[in-house]
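These notes concern the structure reproduced below.
The values are calculated or read from the model by the stated rules, or taken from the named source; none is laboratory data. Just so you know, these numbers come straight off a predicted model, no measurement behind them. We place every Cβ from the backbone using ideal geometry, glycine too, and count neighbours over all the protein chains shown.
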Amino acid sequence: MDRLDNTVRDYAWGSATAIPELLGRPAPGGPQAELWMGAHPGAPSVVDRGNGPVPLDRVIAADPTAELGAAAVEQFGPTLPFLLKVLAAAVPLSIQAHPTRAEAVAGYADEEQRGISVDASHRNYRDDNHKPELVCALSEFEGLCGFRTPAGAADLMASLDVPGLDPLIDLLRTEPEPEALSGALAEALALTGEQGRATVDAVARAVTASAPSDPTGELAGYAFAAAEHPGDPGLVAALLLNYVRLQPGEALYLGAGVPHAYLRGTGVEIMANSDNVLRCGFTPKHVDVPELLKVVAFRSGRPEIMRPEPDADGELLYPVPIDEFRLSRYHLAERPVVLPGDAPQILFCTGGTVELTSDGQELTLRQGESAFLPANGAKTVLTGAGAHVFRSTVTLA
């Protein structure tokens, strides 16, 4: 077992207080957006096994089988296949979608062949992996996820009474669903220049004026995004998406091709170990509309708000349709919990104190602390009545 020393990323959209409060540290005064736990080379956690601090990705690279287990190495390769985060959003993140694995392989190979630096600002594919993700709310959490039905999006736009939206409304009401959604998204992102900016500004005024009388709270979310990203055509694109609000303990799974954006709130997020993001709004970063339209899945549907499935030992599991990550949580009672040692795991304590015992080792985690458990076959016993612990691992074939 290794206590993890983790990096906090200070992206501009981050909350100044949520992560420091969770970690029990003074607020530094600037944004604290994400706490990374894992072996991603961009900000790997650090461990110390008696010979000084070493990044976890280097520890795993030195002996993948000892750290990850032979089964995980065979199934996923010699790297930790997931990244665990705390995400604390004070302003909306970019609207984005992620590619399938096949799309990532093809896109990465194409950009490599064209000689585009992996660090270039206009690069779309940083690696050849897909990036499914799951976010579990720690606070009330607002976001956008998946497409509304074309009729639902048209009705929302029509309710705002903005003439500049009429072409999108007509498209949504007359074309078959895939063509309606893809055409409306392309039209929304083309609202640039003087005329386009006038439409975006009119939408911003309309959602802000209508928000106080909206019983669903959806327009307040759009008004918040409009205030934080003035003039961004992503606001019109956002009207195509479902608004969703999570309560603590509820979660969303986001597969390939699903457009989404997190608006505000704090959550635990887990994802496949990838940086592949195609953006389409609420961002000053590169937006490649043709590539985005190739990746997005143009089908409507309400997002499924996930509530954990309880197991006999008290584990609360958020089931997902992929094997690279498996997220669950425990609210420990008097009875100890025993975890198997057949796969790599990261444990993260979000409340109380939990004692870990494994193969003669003992480790205490308090709120905001985390640990890496290598797949050495040894079981780990968790004790600490009242403690809240997230467990991240993989699903072995």
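Is it the case, given these coordinates, that Pro53 is surrounded by fewer than 19 Cβ atoms within 10 Å (Cβ to Cβ) and modelled with pLDDT under 95?
Here the answer is no, as Pro53 does not meet what is asked.
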| field | Subset of the stretch 9-34 (residues that are within 20 Å of the chain's Cα centre (by Cα) and within 21 Å of Thr283 (Cα to Cα)) | value | Arg9, Asp10, Tyr11, Ala12, Trp13, Gly14, Ser15, Ala16, Pro31, Gln32, Ala33, Glu34
| task | Kindly indicate whether Ala180 is over 26 Å from the mean Cα position of the chain (by Cα) and of a type outside the set (Val, Ile, Thr). | result | yes
| message | Quick test of your reading of the structure: Thr216 fulfils all but one of (1) surrounded by fewer than 23 Cβ atoms within 10 Å (Cβ to Cβ); (2) β-branched (Val, Ile, Thr); (3) within 29 Å of Arg307 (Cβ to Cβ); (4) modelled with pLDDT of 95 or more. Name the failing condition by number. | response | (4)
| request: Please find, among Ala88, Ala97, the residue that is surrounded by 18 or more Cβ atoms within 10 Å (Cβ to Cβ) and over 24 Å from Thr393 (Cβ atoms). | output: Ala97
| Among the numbered criteria (1) surrounded by 15 or more Cβ atoms within 10 Å (Cβ to Cβ); (2) hydrophobic (A, V, I, L, M, F, W, C); (3) farther than 17 Å from Phe390 by Cβ, which single criterion is violated by Phe82? | (3)
| said: Given the condition out of contact with any Ser or Thr (no Cβ under 7 Å at 6 or more places or on another chain), at pLDDT below 95 and of a type in the set (A, V, I, L, M), answer yes or no: does some residue in the stretch 258-266 qualify? | reply: no
| Which residues, counting only those in the stretch 363-397, are hydrophobic (A, V, I, L, M, F, W, C) and within 25 Å of the chain's Cα centre (by Cα)? | Leu365, Ala371, Phe372, Leu373, Ala387, Val389, Phe390, Val394, Leu396, Ala397
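Here is a yes/no grid of residues against (1) modelled with pLDDT of 95 or more; (2) outside the structural domain of Ala385 (by TED's automatic domain parsing); (3) polar (S, T, N, Q):
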| site | (1), (2), (3) |
| --- | --- |
| Thr283 | no, yes, yes |
| His286 | no, yes, no |
| Asp311 | no, yes, no |
| Arg329 | yes, no, no |
| Pro340 | yes, no, no |
| Ile346 | yes, no, no |
| query | Does any residue of the stretch 352-362 turn out to be under 23 Å from the mean Cα position of the chain (by Cα) and closer than 27 Å to Ala137 by Cβ? | reply | no
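Okay, residues lined up against (1) over 15 Å from Leu373 (Cα atoms); (2) of a type in the set (A, V, I, L, M, F, W, C):
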residue	(1), (2)
Gln32	yes, no
His40	yes, no
Val46	no, yes
Pro53	yes, no
Ala61	yes, yes
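Quick grid of which residues meet (1) of a type in the set (Val, Ile, Thr); (2) closer than 23 Å to Ala251 by Cα:
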residue	(1), (2)
Val320	yes, yes
Ile346	yes, yes
Thr353	yes, no
Ser358	no, no
| query | If you check Phe147 against the conditions, is it modelled with pLDDT of 95 or more and more than 30 Å from Ser45 (Cα to Cα)? | reply | yes
| request: Filter the stretch 126-142 for residues that are of a type in the set (D, E, K, R) and surrounded by fewer than 21 Cβ atoms within 10 Å (Cβ to Cβ) and give the result. | output: Arg126, Asp127, Asp128, Glu140
| said: So in the stretch 274-290, with the set limited to residues that are surrounded by fewer than 22 Cβ atoms within 10 Å (Cβ to Cβ) and not charged (D, E, K, R), which one is nearest to Pro303 (Cα to Cα)? | reply: Val277
| field | Residue list for the stretch 61-75, restricted to those being buried (at least 22 other Cβ atoms within 10 Å of the Cβ) and not acidic (Asp, Glu) | value | Leu68, Ala72
| task | Taking only the stretch 219-252 into account, find how many residues are buried (at least 20 other Cβ atoms within 10 Å of the Cβ) and either farther than 21 Å from Ala188 by Cβ or not aromatic (Phe, Trp, Tyr) (or both). | result | 21
